[in-house]
Amino acid sequence: MTESKKIFAICDLDEHYVVRLANYLTERKTVPFEILAFTNLDSLSIYAGSHPIEILLISRQALNEKVKELNIRRILLLSDSEEFERQLEASPDDFLHIPDEEDTAPSISYPSIRKYQSSENIAREVMSYYTEGRLGLSKKLQEIGTSIYAVHSPIARCGKTLFSLTLSEILGEKKKTLYLNLENYSGFEALFGQTYRSDLTDLVYLSRKNEGSLPMKLEHVIRPLRNADYIPPAFFPGDLREIHAGEWISFLTSTAALMEYQAIVLDIGSEPSDIPDLLSSAAHIYMPVLPDPLSRAKISQYEKDMEALSLSPLMDRTVRLYLPEVSVRGGGSELLDHLISSDMGRYVRRLLSEEAMQTYTPPRHQAAM
C-alpha cells in the first residue's frame with residue numbers, strides 16, 4: 001500500500017461481491033484511492049484502529065454504532081432494498097462523518113448507493129458524493145459574507161508566500177483582512193522578529209472543543225501586519241496534518257464572524273490534509289506557476305490528480321499566475337512596504353482590478369421613448 005493515497009474501504013458480508021468490486025476499482029483505477037476489501041467487522045475495526053479511512057462503502061446490514069465510532073471520514077451505504085434505493089435528500093455534511101470527542105449527535109443519515117448495478121456506476125456515484133461533500137463545506141462562509149482567497153501550488157519557490165502577503169496587504173486597504181500561513185515552515189518568527197507563545201493550531205483545537213473561550217484567545221493571538229492581520233503559523237508541521245477540512249472551515253467561519261473579517265487569505269503549503277476541500281471553500285483560487293519543464297510537469301500531474309478526484313470544475317476556476325520576481329528586503333514592516341510598492345504590488349492591484357471588472361455588471365438602461 002502506498003502511503004500517499006487515502007483509503008477507500010469496502011465492507012460487505014458477501015465475500016464474492018466485495019472482492020469483485022474491489023478488484024474492478026483497483027484494476028480500472030476508477031477512484032484515486034487505495035482500495036481495501038473487508039468481509040467482517042472485526043478486521044475492519046482492527047485496521048481502522050491504526051489507519052484513517054477516507055471513505056467506507058458498507059452494506060446497511062453491517063453498519064452499527066461501533067463502525068460509526070471508527071476513524072472514518074465519510075460513510076456511504078450499499079443498499080439492496082427498495083427503501084434505501086431512494087436517495088435521501090440530505091445536505092453534504094450529513095455524510096461527512098468525522099469522529100470527534102464532542103460529537104454527541106444521536107444519529108447521522110448516510111446516502112445510499114444501489115448495490116446491484118455496474119461497478120462503473122458505483123464508482124461514479126461514490127465520487128459524486130465525495131465531491132459534493134467537499135463543495136458543500138463553504139456555505140456558512142458565504143452566509144456571513146467572508147471571501148476566501150486560497151493560494152496554492154505544487155511548485156516550490158514560485159513566489160507564493162510573497163504574493164499572498166502582498167494580496168493580504170492590498171485587500172486590507174479596503175477590507176478587514178486576515179492572512180493565514182499553512183506551510184510546513186513559515187519562518188515568521190525570524191521574518192517579523194517575533195516570539196510566539198501560541199499558534200494557529202492552538203486556536204483550531206480550541207475551536208474544536210467549543211468551550212466559548214475562542215473570542216478572548218483570538219484577541220490575544222492575532223497580530224497586525226501593515227494593513228491586514230495574521231495568526232502565528234503552526235510551530236510543527238505534524239500539527240497541520242491532524243486538522244481536517246471540516247475543522248478548518250468551522251474555525252474560519254467562527255473567526256470571520258467573531259472578528260468581522262471580510263477577506264481571509266490562505267497561503268496553503270503541502271502539509272494540511274484535504275487541500276482540495278480548502279480550495280473548494282474559496283471564492284478565489286490562485287496557483288502560481290513557473291515556465292520551466294519540471295514545473296510544467298508537476299502542474300500536469302497535479303491537474304491529472306484533481307481530475308481523478310472529479311474536481312476538474314475546481315481547476316477551471318483556478319487562476320494560474322506567472323508572478324514577477326521580487327528581491328526580498330529586510331523583514332517586518334520594511335518587507336511589507338517593499339512588497340506593496342514593488343512589481344508584485346502592481347501585479348496584485350492589476351489582478352484584483354481585472355477580476356472586479358469581470359464580475360461587474362453594468363446597469364441596464366431603458367430605451368428612449
Q | Among 277-287, 301-311, the order from most to least packed when residues are scored by Cβ within 10 Å on average | A | 277-287, 301-311
Q: Give me the lysines in straight-line cross-link reach of Lys304: C-alpha distance below 17 Å, same-chain residues under 8 apart excluded.
A: Lys5, Lys6, Lys29
Q.
Taking loop as defined by DSSP and a crowding limit of 11 other beta carbons within 10 Å, which trypsin sites (Lys or Arg not before Pro) in region 1-70 fit?
A. Lys29
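For region 195-241, what is the accessible area per residue in Å² when the probe is 1.4 Å? Numbers along the way, then the final one.
On the way: 2550 Å² over 47 residues.
It amounts to 54 Å² per residue over region 195-241.
Stretch Leu258-Asp42 to full length: gain in nm at 0.36 nm per residue minus the Cα-Cα span?
Values: separation 216, 0.36 × 216 = 77.76 nm, distance 4.44 nm.
In short, 73.3 nm is gained.
For region 166-259, run through the chymotrypsin sites (Phe, Trp or Tyr not before Pro) and keep only the ones in DSSP coil with at most 13 other Cβ atoms within 10 Å of their Cβ.
Working: sites: Tyr179, Tyr185, Phe188, Phe192, Tyr196, Tyr205, Tyr230, Phe235, Trp248, Phe251; in loops: Tyr185, Tyr196, Phe235.
Listed in order of number, the matching sites are Tyr185.
The values are calculated or read from the model by the stated rules, or taken from the named source; none is laboratory data. Since this is a predicted model, take the numbers as computed values, not measurements. Cβ atoms come from the backbone with ideal geometry, glycine included; neighbour counts cover every protein chain shown. Quick note on the areas: whole protein, heavy atoms, side chains included, nothing else; ligands and nucleic acids left out. Shrake-Rupley method; radii C 1.70, N 1.55, O 1.52, S 1.80 Å.
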